[in-house]
Amino acid sequence: MGKTTLIRHGRIITATDDYVADLLLQDGVVRAIGLQLEVGPDVTVVDASGLYVLPGGVDTHVHLENMIGPTVTCDTFASGTKAAAFGGTTTVVDFALQTAEDSVLGAIARAQALAEPQVNIDYSVHCIVTRVDTQVLADVRHAMRHEGVTSFKMFMAYPGVMMADDAAIFRMLRQVGGEGGMVALHAENGTVIELLIQEALAAGHASPRYHALTRPAILEGEATHRGIRLAELAEAQIYFVHVSSHQALKHIVTARDEGIPVFAETCPHYLLFDDSVYDNDDFETAKYVMTPPLRKPADQEHLWRALRYDDLQVIATDHCPFCMKEGHLGYRLQKQRGRHDFSLIPNGAPGIETRLTSLYDIGVTQGRLSLNRFVQLTSTTPAKLFGLFPKKGTIAVGSDADVVLFDPDATQTIHAHDLHSHCDYTLLEGRTLRGRVNKVWLRGELIVDGEQWLGREGMGRFVPRGTVQAF
Ligand code: DUC
Ligand code: ZN
Ligand code: ZN
């Protein structure tokens, strides 16, 4: 029999509820919720007075040990999932990349084999599909029906590397949507961006600021609109990853008003920072080279509005870490790859450990998000859209005992050297945030206790996922 824990007198917050009660974790699940629950002497009792009791975070957009172009992200499944746990996330959905050599099913098996001995929290993968034919579509059907992989990512950017053409995206939308799954789309007009990059380089513009200047928001908007029309024709639901701009949002809002099942995420960095960080020619700016790039303060206002009114449903990290310093932990040629050519800087930034606290700080304490909405955006809705609910994403009798004790009054000053990622920087360096993860349980096992790590590599499990639960 598994360990039994009673969390006494915490303020339990789900997407819909907010009340003080006791929570009994037993055999990996929430066994009971009640007032003054009686337990025997063998049960560990934790006093949670004054603390929030949240469902474990669900981060449906992370890149651990992923090849992004020629560079592998610097977090392993081990380091990345440990960092996630310290940040209050107990489930991640990573990526399996279909390559020229292997099939969709091969890619999923390969990602699982890599993850399985290392993961500290529960996980799944979206499969990235770059090429579509009848065999691929058959594999996709098999993955959805028999492997518990029900979401697939496609790119409208990166021609010659990851980009899929419109017909391929349409075929996937028809196949995946028809079976109740989700196509997640990276929406940027890849071929026009490629032209702008080549023109910038030919003009001698090599510094990181040109990453942003060659990926204008209008090209995110155009691709988003195109993706929506393809989904409408395919009669499929669609999910846009890393929405950064009003140009993209306005199409999402209109489509939702039209009744098209369009869903979308944004990421903490688009809310925390704006494009003024690119106003220089320093290579340090490579820290902010992520795709899409940071946008204008006016875009941030639109993102907040969309988060409040449910035009954006998810906040995921797009944790895609690359080191700035050459040789850090042995990693070579990460961000430095693009020191003399911005187009060679690997695109991505870290954030897996700071998602909940940074959003609590700028969202909840600043009155932009209610506590319920905070939980909905970071745990419940991602679990629903990607077929993990109600096992994940809420606190309810029978749900997995993935629980976070969160101290709303504690503060912490963020430094990369205190975080658990392999990345040598954080975009939040030196920033003091209100709110702190205090304890984390994964299926009833205490894995984080303050600064102490109690988890074990390999204790995380692959979670077979169901279809989209959006309606
Ligand atoms: N898109 C992502 O979602 N992650 C990393 C790079 C990219 O372009
Ligand atoms: Zn992307
Ligand atoms: Zn990503």
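The values are calculated or read from the model by the stated rules, or taken from the named source; none is laboratory data. Keep in mind that this is a model prediction, so the values were computed, not measured. Because the Cβ atoms are built from the backbone with ideal geometry, glycine has one as well, and the counts that use them run over all protein chains shown. Heavy atoms of the whole protein, side chains included, go into the accessibility calculation; ligands, DNA and RNA do not. Shrake-Rupley method; radii C 1.70, N 1.55, O 1.52, S 1.80 Å.
What's the total number of residues in region 51-72 that are open to solvent by less than 60 Å² (accessible area, probe 1.4 Å) and either at pLDDT below 95 or more than 19 Å from Ala396 (Cα to Cα) (or both)? Residues flagged as open to solvent by less than 60 Å² (accessible area, probe 1.4 Å) and either at pLDDT below 95 or more than 19 Å from Ala396 (Cα to Cα) (or both) within region 51-72 amount to 12. Right, Ile228: in contact (Cβ under 8 Å) with a residue 60 or more places away in the chain and either within 17 Å of Ala184 (Cβ to Cβ) or in contact with a strand residue (DSSP E or B) (Cβ under 6 Å, 6 or more places away or on another chain) (or both) or not? Spelling it out, it is not the case that Ile228 is in contact (Cβ under 8 Å) with a residue 60 or more places away in the chain and either within 17 Å of Ala184 (Cβ to Cβ) or in contact with a strand residue (DSSP E or B) (Cβ under 6 Å, 6 or more places away or on another chain) (or both). Take the conditions (1) under 21 Å from the mean Cα position of the chain (by Cα); (2) buried (at least 24 other Cβ atoms within 10 Å of the Cβ); Val104 misses just one of them, which is (1). Scan region 129-147 for residues that are in contact (Cβ under 8 Å) with a residue 12 or more places away in the chain, open to solvent by 10 Å² or more (accessible area, probe 1.4 Å) and not in a helix (DSSP H, G or I) and the total you get is 3. Residues in region 78-88 that are open to solvent by less than 10 Å² (accessible area, probe 1.4 Å) and either among the charged types (D, E, K, R) or assigned to a loop (DSSP other than H, G, I, E, B) (or both) were compared, and the one that is nearest to ligand 2 (Cβ to nearest atom) is Gly87.
Of the residues that sit in region 46-73 and are within 16 Å of ligand 3 (Cβ to nearest atom) and out of contact with any helix residue (DSSP H, G or I) (no Cβ under 7 Å at 6 or more places or on another chain), which one is nearest to Lys287 (Cα to Cα)? Spell out how you get there, then give the answer.
Within region 46-73, the subset within 16 Å of ligand 3 (Cβ to nearest atom) is 58-69, 71-73.
With the extra rule that they be out of contact with any helix residue (DSSP H, G or I) (no Cβ under 7 Å at 6 or more places or on another chain), the set shrinks to 61, 63, 66-69, 72-73.
On the way: His61: 19, His63: 16, Asn66: 18, Met67: 18, Ile68: 16, Gly69: 17, Val72: 16, Thr73: 14 Å.
Here the residue is Thr73.
Within region 370-389, can you find the residues that are of a type in the set (A, V, I, L, M, F, W, C) and open to solvent by 10 Å² or more (accessible area, probe 1.4 Å)?
Within region 370-389, the subset of a type in the set (A, V, I, L, M, F, W, C) is 371, 374-375, 377, 383, 385-386, 388-389.
The answer is Leu371, Phe389.
Collect the residues in region 278-322 that are in a helix (DSSP H, G or I) and either within 16 Å of ligand 3 (Cβ to nearest atom) or closer than 20 Å to Asp94 by Cα (or both), keeping them in residue-number order.
Restricting attention to region 278-322, the residues satisfying the condition of being in a helix (DSSP H, G or I) are 278, 283-288, 297-308.
Tyr288, the sole residue that qualifies.
Restricting attention to region 234-250, and to residues there that are closer than 20 Å to Gly178 by Cα and within 14 Å of ligand 2 (Cβ to nearest atom), which single residue is surrounded by the most Cβ atoms within 10 Å (Cβ to Cβ)?
So, considering only residues that are closer than 20 Å to Gly178 by Cα and within 14 Å of ligand 2 (Cβ to nearest atom), the one surrounded by the most Cβ atoms within 10 Å (Cβ to Cβ) is Tyr239.
Screening Val253 against (1) more than 24 Å from Ile315 (Cβ to Cβ); (2) open to solvent by 20 Å² or more (accessible area, probe 1.4 Å); (3) of a type in the set (A, V, I, L, M) leaves a single unmet condition, (1). Taken together, Asp22, Asp75 contain a single residue that is among the acidic types (Asp, Glu), buried (at least 21 other Cβ atoms within 10 Å of the Cβ) and in a strand (DSSP E or B), which is Asp22.
If I filter region 50-72 down to residues being in a loop (DSSP other than H, G, I, E, B) and under 17 Å from Val375 (Cβ atoms), which single residue comes out as farthest from ligand 1 (Cβ to nearest atom)? Once the filter is applied, the top-ranked residue is Leu51.
Across region 323-360, the qualifying residues are those that are in a helix (DSSP H, G or I), charged (D, E, K, R) and over 18 Å from the mean Cα position of the chain (by Cα), and the one among them that is surrounded by the most Cβ atoms within 10 Å (Cβ to Cβ) is Lys335. Within region 310-327, residues that are farther than 9 Å from Thr60 by Cα and more than 10 Å from ligand 1 (Cβ to nearest atom) sit with their Cβ atoms under 8 Å from residues that are of a type in the set (Lys, Arg) and in a loop (DSSP other than H, G, I, E, B), at 6+ positions apart or across chains, in these pairs: Glu326/Arg332. Taken together, the criteria place Leu114 among residues that are farther than 30 Å from Glu222 by Cβ and either of a type in the set (Phe, Trp, Tyr) or assigned to a helix (DSSP H, G or I) (or both).
Quick grid of which residues meet (1) part of a helix (DSSP H, G or I); (2) more than 22 Å from the chain's Cα centre (by Cα); (3) away from ligand 2 (no atom under 16 Å from the Cβ):
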{"residue": "Phe170", "(1), (2), (3)": "yes, yes, yes"}
{"residue": "Ala184", "(1), (2), (3)": "no, no, no"}
{"residue": "Glu199", "(1), (2), (3)": "yes, yes, yes"}
{"residue": "Ala212", "(1), (2), (3)": "yes, no, no"}
{"residue": "Glu220", "(1), (2), (3)": "yes, no, no"}
{"residue": "Gly227", "(1), (2), (3)": "yes, no, no"}
{"residue": "Glu232", "(1), (2), (3)": "yes, yes, yes"}
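For Gln175, indicate whether it is away from ligand 3 (no atom under 16 Å from the Cβ) and over 20 Å from Leu385 (Cβ atoms). When the stated conditions are applied, Gln175 does not pass them.
Being not aliphatic (A, V, I, L, M) and not in a strand (DSSP E or B) is the filter; apply it to region 25-37 and report the residue that is least open to solvent (accessible area, probe 1.4 Å).
Narrowing region 25-37 to residues not aliphatic (A, V, I, L, M): 26-28, 31, 34, 36.
Among the residues that remain, those that are also not in a strand (DSSP E or B) are: 27-28, 36.
Working: Asp27: 76, Gly28: 15, Gln36: 138 Å².
So, considering only residues that are not aliphatic (A, V, I, L, M) and not in a strand (DSSP E or B), the one least open to solvent (accessible area, probe 1.4 Å) is Gly28.
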